[in-house]
Amino acid sequence: MPPLRTALLQSSGRPGAVAENLKALDEAAARAAASGARLLVAPELFLTGYAIGDAVPELAEPADGPGARAVAEIAVRHGLAVLYGYPERDGERIFNASQLIGPDGASLANYRKTHLFGCFEQEWFTPGEQTVVQADLDGLRIGLLICYDVEFPENVRAHALAGTDLLLVPTAQMHPFQFVAESVIPVRAFESQMYVAYVNRTGPEGEFEFVGLSCLAGPDGTVRTRAGRGEELVIGEVDPEFLAASRAANPYLHDRRPGLYGSLA
């Protein structure tokens, strides 16, 4: 299989302005497709903005709502898959969610954040209950987590055991926790033998200061591409052959002794 060229959109868009954020996503998709990318990943809650406070209920929509249909049109128009974050309404509940739309406009996977961070998220969102959500794209098994989820090694290991090749992590990583983007993400990729695309917001937004530093980390623990602190579209490649070779050489998953770990749960 050829490498999966992957574009990371580091941007906060315009909080509260869904139409403007869709326009920014469309422009990024055009640039990504022109570079040969088959996948575009946008940050956590990109559709609406993160620091939207009590506008969360107003802007939340179902997984098949107007935002999803607009993203599907973008995916089809540019011939690539798109992963975006949004507030998902399901009856009276609202989830911090991300959805992967395929190049044909079909929904491939929808994930609800399981570990909510801080008072803002815990006030407005219901935690998801499904740890491993996956889809297949161009011969690779794609997994989804959101921001704080990836800081729990159990979540990433669960994906490794389920065969995830590329873990997509839209995020809203804020100051002073930039060490997660700089150090934790490459370690997660190495210890669980997968690629991890960590895609952040950037700049001030309400009470938050997002740090950027989006990256694509490989299974050898090295960062294949890294954004700076501003608005940026960066491109990296997920190489199935390198991933297979790395898994063959690294004994972590083979040498596990699950019988010793029961007390950890």
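Taking the range 199-232 as the search range and keeping residues that are outside any loop (DSSP other than H, G, I, E, B) and among the acidic types (D, E), which one is farthest from L45 (Cα to Cα)?
Step by step, filter the range 199-232, then rank; the result is E232.
Which members of the range 80-126 meet the condition of being in contact (Cβ under 8 Å) with a residue 12 or more places away in the chain, part of a loop (DSSP other than H, G, I, E, B) and open to solvent by 30 Å² or more (accessible area, probe 1.4 Å)?
P103, D104, A106, H115, F117, T126
When you check E237 against the structure, is it in contact (Cβ under 8 Å) with a residue 12 or more places away in the chain and more than 30 Å from E129 (Cβ to Cβ), yes or no?
Judged against the criteria, E237 is a match.
Do the conditions hold for A197, that is, is it under 15 Å from the mean Cα position of the chain (by Cα) and not charged (D, E, K, R)?
Spelling it out, A197 is indeed under 15 Å from the mean Cα position of the chain (by Cα) and not charged (D, E, K, R).
Residue check, D255 against (1) in contact (Cβ under 8 Å) with a residue 24 or more places away in the chain; (2) open to solvent by 70 Å² or more (accessible area, probe 1.4 Å), all met but one. Which one?
For D255, the failing item is (1).
Considering only the range 127-142, state which residues are in contact (Cβ under 8 Å) with a residue 40 or more places away in the chain and either in a loop (DSSP other than H, G, I, E, B) or touching a helix residue (DSSP H, G or I) at 6+ places or on another chain (Cβ under 7 Å) (or both).
Within the range 127-142, D138, G139, L140 qualify.
What number of residues within the range 1-24 satisfy the criterion of being buried (at least 24 other Cβ atoms within 10 Å of the Cβ) and either more than 19 Å from A70 (Cα to Cα) or of a type outside the set (S, T, N, Q) (or both)?
Number of matching residues: 6.
Does A33 satisfy being touching a His at 6+ places or on another chain (Cβ under 6 Å), closer than 22 Å to A227 by Cβ and open to solvent by 10 Å² or more (accessible area, probe 1.4 Å)?
Considered against the rule, which asks whether it is touching a His at 6+ places or on another chain (Cβ under 6 Å), closer than 22 Å to A227 by Cβ and open to solvent by 10 Å² or more (accessible area, probe 1.4 Å), A33 comes out as yes.
Looking for whichever is farther than 21 Å from A160 by Cα and either aliphatic (A, V, I, L, M) or surrounded by 14 or more Cβ atoms within 10 Å (Cβ to Cβ) (or both) here; the options are R224, R247, R229. Which one fits?
Result of the check over R224, R247, R229: R229.
Test V196 against the stated conditions and say whether it is outside any loop (DSSP other than H, G, I, E, B), in contact with a helix residue (DSSP H, G or I) (Cβ under 6 Å, 6 or more places away or on another chain) and modelled with pLDDT of 95 or more.
Yes: the conditions hold for V196.
Within the range 40-66, how many residues turn out to be crowded, with 24+ Cβ neighbours inside 10 Å and not in a loop (DSSP other than H, G, I, E, B)?
2
Considering every residue within the range 141-148, establish whether at least one is at pLDDT 95 or above, of a type outside the set (D, E) and more than 12 Å from the chain's Cα centre (by Cα).
Yes, there is a match, as at least one residue in the range 141-148 is at pLDDT 95 or above, of a type outside the set (D, E) and more than 12 Å from the chain's Cα centre (by Cα).
The values are calculated or read from the model by the stated rules, or taken from the named source; none is laboratory data. Just so you know, these numbers come straight off a predicted model, no measurement behind them. With ideal geometry, Cβ positions are generated from the backbone for all residues, glycine too; neighbour counts draw on all protein chains shown. Please note that ligands, DNA and RNA were not included when accessible areas were found on the heavy atoms of the full protein model with its side chains. Shrake-Rupley method; radii C 1.70, N 1.55, O 1.52, S 1.80 Å.
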